[in-house]
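Take a look at the structure set out below.
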């Protein structure tokens, strides 16, 4: 990949997370779908926020988490996403740039506030997310930095972007620029309910635009409307160059150039919060991929990052990923 100075540029929703412990009764009382990403309006977000317990505020967003994780491994990353010129916007910009990620997207000076996600974590470590997209809906094709995309080995797109129409336009523009400049396009399916909303379009995306697909077991089964994981694995064959499919405690399966690599889950000290596990798996995988590691090693790097992230609250690493990878992989 000549003249590629950037490993991965992510495009996604720029969100500040508010993470709080809760229980199943709270979810039921407030009609919150457990384990899913629920899109909510400003009033609904304010209602849940007023009833939930104390929270920890930190920057989040699926693709942003991935690029921060990539930087933690020593990779060179950038992020494109929209924030407002408000307190949460300042928090997000500070956190992502402090992590070593390039973030040049201009602030919105009017319109909705910076997006927030109320993450409710139950004792089984499942997270139920209630997301008000706010300023994210203002992301459009004009925010896609053509030179940045051309300089990137891989662009990483989150499936959640398929909800706001103008973000979808940005998504397709970036994919076209990447392929025209010998870059690769990766996609995370993000959430099984997101897949359900856009199944036919996602299938077309995977077949026509995506080189590297990231999905968990529920998402890939939903995409192909199959009965089980093995059937979904067969369905995705040939539709993209590489598919990295995570299965929680069962590890992951990487399908690349027709070969299947089955990987055990990496050992986690404890399971506290599964928020960001898929995001960090993608971070490790893409770090290995942009350094021409073999698919199995890429998957192991992903597993190492996922194991680190589920051992504590939040979707940003608390351990030196570069050192951790060296300890595990040598």
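The set of residues in segment 5-21 being over 15 Å from residue 60 (Cβ atoms) and surrounded by fewer than 20 Cβ atoms within 10 Å (Cβ to Cβ) consists of 5, 21.
In segment 73-91, the residues that are without any contact (Cβ under 8 Å) to a residue 60 or more places away in the chain form Cβ pairs under 9 Å with partners that are part of a helix (DSSP H, G or I) and surrounded by fewer than 21 Cβ atoms within 10 Å (Cβ to Cβ), at six or more places apart or across chains, as follows: 84/138. Identify, please: which residue in segment 147-166 is touching a strand residue (DSSP E or B) at 6+ places or on another chain (Cβ under 8 Å) and modelled with pLDDT under 95 and is, among those, surrounded by the fewest Cβ atoms within 10 Å (Cβ to Cβ)? Among those residues, the one meeting the criterion is 163.
Among the numbered conditions (1) part of a helix (DSSP H, G or I); (2) surrounded by fewer than 23 Cβ atoms within 10 Å (Cβ to Cβ), the only one that residue 305 does not meet is (2). For segment 61-110, the set of residues classified as within 12 Å of residue 7 (Cα to Cα) and assigned to a loop (DSSP other than H, G, I, E, B) consists of 73, 74, 75, 76, 101, listed by residue number. Among the residues of segment 308-324, those that are assigned to a helix (DSSP H, G or I), surrounded by fewer than 24 Cβ atoms within 10 Å (Cβ to Cβ) and either without any contact (Cβ under 8 Å) to a residue 24 or more places away in the chain or in contact with a helix residue (DSSP H, G or I) (Cβ under 6 Å, 6 or more places away or on another chain) (or both) comprise 323, 324.
Within segment 59-72, being out of contact with any strand residue (DSSP E or B) (no Cβ under 6 Å at 6 or more places or on another chain) and either without any contact (Cβ under 8 Å) to a residue 60 or more places away in the chain or under 27 Å from residue 28 (Cβ atoms) (or both) holds for no residue. Selection of segment 23-58 for residues being touching a residue at least 40 places away in the same chain (Cβ under 8 Å) and in a helix (DSSP H, G or I) yields 24, 26, 27, 42, 44, 45, 48, 49.
The values are calculated or read from the model by the stated rules, or taken from the named source; none is laboratory data. Just so it is clear, the model here is predicted, and its values are computed rather than measured. Cβ coordinates were reconstructed from backbone atoms using ideal geometry, including for glycine residues, and neighbour counts include every protein chain displayed.
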